[in-house]
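Here's the structure we're looking at; comments come further down.
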Amino acid sequence: MAGGSAMAKKSGLSAEDVDSLRAQLDGGTQPLVWFTAAAVGMEAGRSAKVLALTDPEEGDFIQVRPTGSKDEMSFGPSELTLEKPPPRKKPAAPPAAPPEPPRETVIEHPYVPEAPVKPAAPKPKPAPAVEAPPPAPKPARKAGAAKSAPEVTVTLVSVGEGEWTVEVLQGTRKAVRPTAVPPAAVAQAAKLLTPEVAEIVEGVLSAARAQQLARVEQLRAELEAAQKALEDLGA
């Protein structure tokens, strides 16, 4: 068909097209795209609304809803285009069948002939053309196939002197950047985990307490020395 040939020439979405779609989604607009001939299970030239773009952009990361459907599907950049296909031409009407040739008519003589005349056998009709079966449709893409949740990694880091930070990764994306957390919250969370984890965290906290205590003693000694010097000056 003309529409299918036109769509086969499209190269899909470029990186600039993907950035444009993302900007429209961020602005609250659901932009329109059209399927190319590379879209499995979809008719080339059919339109769809873009619902979301997953991050990172890997595989079929563009989620769309085809026009006239309630299904949400994921496609790759090569299966979609921003260029609207030209309107399809109506197929030409099939040519009219040629008129059937007239059959030969035998006129009987009013008198019985000496030898009977056999009527001419009618010409056989041409056998009807056998249409080739339509090609089997491509297997439709499963709609609404649930994607597996990305792996989540929670990392606690001791940055010295009793300070802690927590970081969360979803797959390779940073969901929570390094954020300071109170040592007391770390100790409480460690007690809810395995004994090995609780023992390691308690060791780090004990070392931090000893360090802070030594610092307090040093500051207290310096304060006493300063107080004595002040008294010697007759304050």
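The values are calculated or read from the model by the stated rules, or taken from the named source; none is laboratory data. Predicted, not measured: the structure shown is a model, and the values here were computed from it. Please note: Cβ atoms are built from the backbone with ideal geometry, for glycine as well, and neighbour counts cover all protein chains shown. For accessibility, only protein heavy atoms count, side chains too; no ligands or nucleic acids. Shrake-Rupley method; radii C 1.70, N 1.55, O 1.52, S 1.80 Å.
List of remarks:
- When region 198-229 is filtered for residues that are open to solvent by 60 Å² or more (accessible area, probe 1.4 Å) and of a type in the set (Val, Ile, Thr), the ones remaining, listed by number, are ILE200, VAL216.
- Qualifying positions in region 124-159 - at pLDDT 65 or above and surrounded by 10 or more Cβ atoms within 10 Å (Cβ to Cβ): LYS138, LYS147, PRO150, VAL152, THR153, VAL154, THR155, LEU156, VAL157, SER158, VAL159
- Within region 25-59, the set of residues being under 16 Å from LEU13 (Cβ atoms), charged (D, E, K, R) and at pLDDT 90 or above comprises ARG46, LYS49.
- Qualifying residue in region 46-59 (condition: open to solvent by less than 20 Å² (accessible area, probe 1.4 Å) and assigned to a loop (DSSP other than H, G, I, E, B)): no
- Taken over region 25-45, the criterion of being surrounded by 14 or more Cβ atoms within 10 Å (Cβ to Cβ) and of a type in the set (S, T, N, Q) is satisfied by GLN30, THR36.
- Single residue of region 160-179 satisfying the filter (open to solvent by 80 Å² or more (accessible area, probe 1.4 Å) and of a type outside the set (S, T, N, Q)) that is farthest from GLU57 (Cα to Cα): GLU161
- Leading residue by the ranking (modelled with the lowest pLDDT) among those in region 60-101 that are surrounded by 11 or more Cβ atoms within 10 Å (Cβ to Cβ) and among the basic types (Lys, Arg): ARG88
- Across region 200-218, the number of residues qualifying as among the charged types (D, E, K, R), free of Cβ contacts under 8 Å to residues at least 24 places away in the same chain and closer than 16 Å to TRP164 by Cα comes to 1.
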